[in-house]
Every structure is written in structure tokens, then in C-alpha cells.
Amino acid sequence: MERVILSFGEYEKLARRVARKAGVSYSRLNVSRFPDSESYVRFRSDIRGKSVYILQSLHPANEKLMDVLLAGYTAKELGARRITLIAPYLAYMRQDKRFKEGEAVSARIVVGRLLSVYDKLITIDPHLHRIKKMSDVFPNSSRVLTANDVLASFIKRRLGGGLIIGPDGESFQWARSIAKKINLDVVVLKKERYSAERVRIKLSSEAREKIRRDRNAVIVDDIISTGHTVIETVRKAKELGMLVRAVVCVHGVFAEDAYKKIRRTGVKEIYSTNTIAGEHSSIDVSGLIAGSLNNQGR
Ligand code: R5P
């Protein structure tokens, strides 16, 4: 089956790279806004009978979600044989439970229902925590990739080493696996979150000991959103007289000036992958995505 990757806006660059590396053709999807802010989507190439990949991260979440929904439903109507959403960053996954009475469980509604127009979903390091696997929420075929190898070799090449700090239990899967791959020591902390802006990080005595001993700590997390998780971790390390050298994450959301706020703590190096397009997304995941297209059959 003929394959085509389509994208728009700030993800075109990543999509073109993926297409080149995977040997798949690329076409631009026309997406714009009506004056009243509604989304406008138009396919300019013939997609009938093809396997269509829409590459777009869900960030900013609401805006991109509407675009990819319109694109998905339209691709079906236009006769695409199979439609795949490649969402390097899949938003809405963190609200994976009704924490307070009456709340929407967004992960189940957005990923489980709305996006189910797509026959297949490919994503990188989705926030799977209380929902354990993508098939527990997304009803169709899915492929979950991890940027762990990419991050591990980046840390080794650029930073040389250091103690890897996972700021909370949820970062465990990334911090542990990355540290193991490049033979570094790791410590995973405990976090209590009271609101988007209020988090408290707790250090065990083992964590204190390790942080005190290492002058080159690197915080590793899946997502930096408001940055408070990282800021609190840096603050705890400072109380022990240590300055965190760098912060590395998969998805750099950097909401509410988070990047600047983290810099103000004294951390000089902050890196994220380009699953979310932005000026600080310096670690490329195009090879990772292209590899998954080449390995999945048609
Ligand atoms: C969830 O716990 C994640 O692993 C991240 O630690 C979290 O999403 C970061 O959020 P923020 O930057 O808003 O503290």
C-alpha cells in the first residue's frame, strides 16, 4: 500500500525528516484558522487507497486536538485505506484518574474515544502511570516508542556522566532505564503534588547521601510542564550544597515560562527532545519515529 506522511505548522520539519529517513513520501496538510478561531483543514493531495500518517504533537493540546480530529475524520471520508496518528507528544494522558469527585478522566475520553477514529496511534513515552499500557485506553492498534536510547546517548555524549535523579516515582521508568544503559548511578525521589504549582519533593537518606557525593547531577523526567517538579528538586539539592548540572526531559512543554524559571534556579543546561517543537528542543527523535515506520510493515 502506498504510504504518505502529512503534517502542518511547526511539526512539518520533523515530519519531513521522518519521511526522508523512512523513505516515505511527504505532503503538506493545509491547516489554518477561521477569523473566529475555528480550525480549517484541507487535504491537497490524493489520499484515496493510501496508508496515511498524520504527524502532529498534541501541543498546544486543545488546538492541535481539533486539527488532528478534523484531519482523521476527513482522511476517512476521502478514502484513505488506513490512517495513523503519529503524535510524538500525546497530551491529556496525565489526567488518568478521577482524582476529585466529578472530574473528567481526560485520558479515557480524548485518547480512548475521540482519537479512536485513527486505526493506529504511534507515540513516544506517553504518560502511562495509572493506565499501564496504551491498549488499556486506546481501542485500536498502537505503538509506544521510548526516547530512552536517544536520551541515554545524548547524556553520555554531551554531559559525560553524573548522578541521574528521577524527581518522582513516575519518572522511575525513564531515570532507571537511562542510568542503566550508560552505567550511571541513579536515585529516584518522592513527590507529593498539591496543585499544578505546589509540589513537595522528599529525599530519603540514601538520596541525600548520593546527591551530596555527586557534583554532576542530571535530573531526568518524562515531561517538564510548569517546571515545579524540577525547581523543587533543584532546591532540595541546593539545601545539600549541590547544584544540579543539567535537566533532560522527553517532552518539553515549558508552560508558564517554565524554562526561564528553571534557569533562574542556577541550572545552566536544559534539554528536551523535539517531540514538542520549540527553541529548546535540541534532541532529535526523527530517527526513532522513522525506524518504527520501517519496522511495522505496511
Ligand atoms: C508527572 O509526575 C511527570 O513525571 C512530571 O514530573 C510532571 O508532569 C512535571 O510537571 P511539572 O513540570 O508541572 O511539575
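For segment 220-253, a residue qualifies if it is under 14 Å from residue 269 (Cα atoms) and either free of Cβ contacts under 8 Å to residues at least 24 places away in the same chain or more than 7 Å from the ligand (Cβ to nearest atom) (or both), and the qualifying residues are 220, 231, 234, 243, 244, 245, 246, 247, 248, 249, 252. Scanning segment 156-170 for residues that are in contact (Cβ under 8 Å) with a residue 12 or more places away in the chain and farther than 17 Å from residue 243 by Cα yields 156, 158, 168, 169, 170.
Screening 120, 133 for residues that are modelled with pLDDT of 95 or more and farther than 20 Å from residue 7 by Cβ leaves exactly one candidate, 133. Just wondering, is there one or more residues in segment 132-148 that are within 16 Å of the ligand (Cβ to nearest atom), surrounded by fewer than 15 Cβ atoms within 10 Å (Cβ to Cβ) and farther than 22 Å from residue 253 by Cβ? Among the residues of segment 132-148, at least one is within 16 Å of the ligand (Cβ to nearest atom), surrounded by fewer than 15 Cβ atoms within 10 Å (Cβ to Cβ) and farther than 22 Å from residue 253 by Cβ, which makes the answer yes. Taken across segment 83-105, residues that are touching a residue at least 40 places away in the same chain (Cβ under 8 Å) and farther than 30 Å from residue 193 by Cα do occur, with at least one present. Of all residues in segment 55-81, those being surrounded by fewer than 18 Cβ atoms within 10 Å (Cβ to Cβ) and not in a helix (DSSP H, G or I) number 4.
The values are calculated or read from the model by the stated rules, or taken from the named source; none is laboratory data. Keep in mind the model is a prediction, meaning the values are calculated, not measured. Note: ideal-geometry Cβ built from the backbone for every residue, glycine included; neighbour counts use all protein chains shown.
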